[in-house]
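Structure, as structure tokens:
We did not get these values from a lab; they are worked out from the coordinates using the rules stated. Remember, it's a predicted structure, so these values are computed and weren't measured experimentally. With ideal geometry, Cβ positions are generated from the backbone for all residues, glycine too; neighbour counts draw on all protein chains shown.
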Amino acid sequence: MDGYLTSEDLATRLGVKRESVYRMRTRGDLPEPDDTIGRTPVWKTDTITTWEADRPGQGWRKGKTREPS
């Protein structure tokens, strides 16, 4: 699946467990998968690269507002 990331690939890229990817997806913290292969959700590498660039920094929690720097 060249150019696509599975949940396992995404977990490796983010440095988390695969279960964390499932949890992030359930909470809506990940972009929607670009496609599914069988029952496996997959994301385009470009989708994840863009999401990572826009992602809040470490320590951010949903529902909190950022303080101006």
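Side notes on the structure shown:
- Any pair with Cβ under 9 angstrom, 6 or more apart, that starts in the stretch 1-24 at a residue that is in contact (Cβ under 8 Å) with a residue 60 or more places away in the chain and ends at one that is surrounded by fewer than 17 Cβ atoms within 10 Å (Cβ to Cβ) and of a type in the set (D, E): none
- Among the residues of the stretch 1-44, just one is farther than 17 Å from R55 by Cα, hydrophobic (A, V, I, L, M, F, W, C) and outside any strand (DSSP E or B), namely M1.
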